[in-house]
Amino acid sequence: MSAGPAPEPEFWVLDAVAVPHSAAPTLSFRMRVRESSERPVYTIALTAQIQLEAAERPHDAATKARLLDVFGEPERWGDTARGVLWARPELLVPSFTGSTQFELQVVCSTDLELATTRYLEAVPDGDAPLAFHFSGSVIYEEGGDRIQVSRVPWHVTAQFRLPLETWRKACGDGGLVRVGGDTFLELRRYASERGLHTEDAAIEDLLAAARAEAG
């Protein structure tokens with residue numbers, strides 16, 4: 001008996017929630033997969049390349065100004081604010097026939113040097129348009145209990161609009177800024193000399209002094 005066409009799984013992102021008590025800020029995306037041939041699928045070794053598609057939603061002038069050094073002038077956003085890589089998680093989808101649901105967890109970086117983090121911090125409300133591009137291997141059963149392996153087709157994608165409130169529940173306020181070793185030591189020395197207990201307090205003190213000097 002000849003083998004049928006290779007499976008072509010379809011994916012949907014149903015919703016997203018912040019993972020409580022995680023070691024690092026983490027979002028869990030609830031996913032659905034369907035394989036219409038109804039052949040038993042033992043697993044899918046799945047990779048999801050998640051991209052930010054900022055150009056898919058409107059932004060006010062203040063937000064565009066905050067993101068000028070990320071995406072450039074507003075008239076360029078049609079090119080620069082598309083397809084920005086956010087994460088590339090991998091997982092094994094559990095066995096199913098027909099369709100099933102599973103969770104895709106993404107650790108959220110709070111590094112403010114990353115374009116995606118800068119964007120998620122800068123936009124005041126609404127949602128962030130995301131595109132999920134899938135790849136990987138489908139291990140399935142063909143007639144007669146034969147095990148077959150095929151690739152997830154390159155065109156398999158899913159769209160999702162991530163509520164910014166959900167991202168902020170996972171990541172909280174603020175972010176990480178990398179500084180050089182000498183700068184960090186100077187910052188700690190500044191805090192110690194002024195009786196400040198954290199580097200954050202030292203930065204706020206310096207900013208207050210700069211604002212006062214600027215009038």
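Selection of helices (runs of 4 or more DSSP H) fully inside segment 45-143 by the criterion of at least 1 residues being surrounded by 14 or more Cβ atoms within 10 Å (Cβ to Cβ) and within 11 Å of the chain's Cα centre (by Cα) returns 115-122. Being of a type outside the set (D, E, K, R), open to solvent by 90 Å² or more (accessible area, probe 1.4 Å), modelled with pLDDT under 90 and over 30 Å from HIS21 (Cα atoms) holds for only one residue in LEU185, LEU206, LEU176, and it is LEU185.
Among the residues of segment 150-172, the one identified as at pLDDT 95 or above, over 30 Å from PRO20 (Cα atoms) and open to solvent by 70 Å² or more (accessible area, probe 1.4 Å) is ARG151. Does THR26 count as within 23 Å of LYS169 (Cα to Cα) and among the β-branched types (Val, Ile, Thr)? So THR26 passes the test. Identify the residue in segment 15-44 that is charged (D, E, K, R) and surrounded by 16 or more Cβ atoms within 10 Å (Cβ to Cβ) and, among all such residues, is nearest to HIS155 (Cα to Cα). Ranking the candidates gives GLU35 first.
The values are calculated or read from the model by the stated rules, or taken from the named source; none is laboratory data. From a predicted model like this one, the values you see are computed outputs, not experimental measurements. Don't worry about glycine lacking a Cβ; one is built from the backbone with ideal geometry, like all the others, and counts go over all protein chains shown. With ligands, DNA and RNA removed, areas are computed over all heavy atoms of the protein, side chains included. Shrake-Rupley method; radii C 1.70, N 1.55, O 1.52, S 1.80 Å.
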